[in-house]
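Undergrad: Can you keep this structure in mind? I'll have questions shortly.
The values are calculated or read from the model by the stated rules, or taken from the named source; none is laboratory data. From a predicted model like this one, the values you see are computed outputs, not experimental measurements. Cβ placement follows ideal geometry from the backbone for every residue including glycine, while neighbour counts extend to all protein chains displayed. These area figures cover heavy atoms from the full protein model, side chains too; ligands, DNA and RNA do not enter into them. Shrake-Rupley method; radii C 1.70, N 1.55, O 1.52, S 1.80 Å.
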Amino acid sequence: MFVLVEMMDTVRIPPWQFEMKLNDSIAEELNKKLANKVVYNVGLCICLYDITKLEDSYIFPGDGASHTKVHFRYVVFHPFLDEILIGEIKGCSQDGVHVSLGFFDDIVIPPESLQQPAKFDEAEQVWVWEYETEEGAHDLYMDTGEEIRFRIVDENFVDTSPTGPSSTEASTSGATEEIQKKEAPYTLVVTMYNSYSTIGVHGILKRHCLF
């Protein structure tokens with residue numbers, strides 16, 4: 001679920017942080033930049049693990065800050081495919097069951113990956129597993145807050161970097177412009193397992209599995 005990723009970046013330290021130890025200043029700036037952010041095709045950054053190498057620092061004309069190229073390892077949330085995780089149901093919609101791990105909410109179980117047969121209860125706004133027994137079918141509701149076990153089957157990274165309007169969009173009036181739905185930069189697509197009950201970085205060098 002968590003991996004160690006070797007990264008490299010140039011860190012800018014402002015003059016008012018010169019009184020701090022260099023490692024402490026760099027760690028603070030790296031966590032400020034990366035913690036709780038998604039790096040494209042890498043995963044959700046959690047926290048700095050350690051700094052492995054510091055290169056020479058430079059101060060450029062017109063800028064009193066120091067600039068240091070840093071090699072470091074960062075703890076990243078990036079579960080592997082087919083990994084089994086346990087989360088909590090955040091809510092249900094026609095698109096499926098939305099699951100949260102507490103620190104990560106962009107997990108979706110599409111309708112075809114639910115325990116079958118399943119149906120969506122419009123009145124309650126929940127998915128229902130019609131569990132077959134010798135006595136007949138029993139409705140098991142997937143209520144918000146319930147624990148659920150799931151398996152990772154796919155992941156989707158979306159580049160959410162800002163882009164300028166196209167020439168076509170620029171020619172249209174503001175009244176006719178459509179408001180685009182904000183996309184999550186990192187989404188996990190999962191399937192139920194067993195039963196319902198239970199930013200810009202210069203380089204990614206290497207990754208190691210933690211647990």
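Undergrad: For L114, indicate whether it is in contact with a Gly (Cβ under 6 Å, 6 or more places away or on another chain) and outside the structural domain of N36 (by the TED database).
TA: Against the criterion (in contact with a Gly (Cβ under 6 Å, 6 or more places away or on another chain) and outside the structural domain of N36 (by the TED database)), L114 does not qualify.
Undergrad: So the check is Cβ under 7 Å with 6+ separation or different chains; which pairs have a first residue in segment 18-31 that's closer than 18 Å to M7 by Cβ and a second one that's in a helix (DSSP H, G or I)?
TA: From residues that are closer than 18 Å to M7 by Cβ, the pairs are S25/Q17.
Undergrad: Would you tally the residues in segment 1-43 being open to solvent by less than 50 Å² (accessible area, probe 1.4 Å), part of a loop (DSSP other than H, G, I, E, B) and in contact with a Pro (Cβ under 9 Å, 6 or more places away or on another chain)?
TA: 1
Undergrad: For segment 128-144, give me the residue count where each residue is surrounded by 11 or more Cβ atoms within 10 Å (Cβ to Cβ), part of a strand (DSSP E or B) and either of a type in the set (S, T, Y) or not assigned by the TED database to the domain that holds S100 (or both).
TA: Selection size over segment 128-144: 2.
Undergrad: Cβ-Cβ distance below 6 Å, separation of 6 or more or different chains: which pairs start in segment 118-133 with a residue that is under 19 Å from V108 (Cα atoms) and end on one that is β-branched (V, I, T) and not in a loop (DSSP other than H, G, I, E, B)?
TA: Hits for this filter: K119/V128; D121/V128; W127/V97.
Undergrad: Just the residues that are surrounded by fewer than 15 Cβ atoms within 10 Å (Cβ to Cβ) and part of a strand (DSSP E or B), please, taken from segment 92-115.
TA: S93
Undergrad: Further, regarding this structure: Could you list, in sequence order, the residues of segment 67-91 that are in a strand (DSSP E or B), open to solvent by less than 20 Å² (accessible area, probe 1.4 Å) and over 24 Å from T10 (Cβ atoms)?
TA: The answer is F77, L85, G87, I89, G91.
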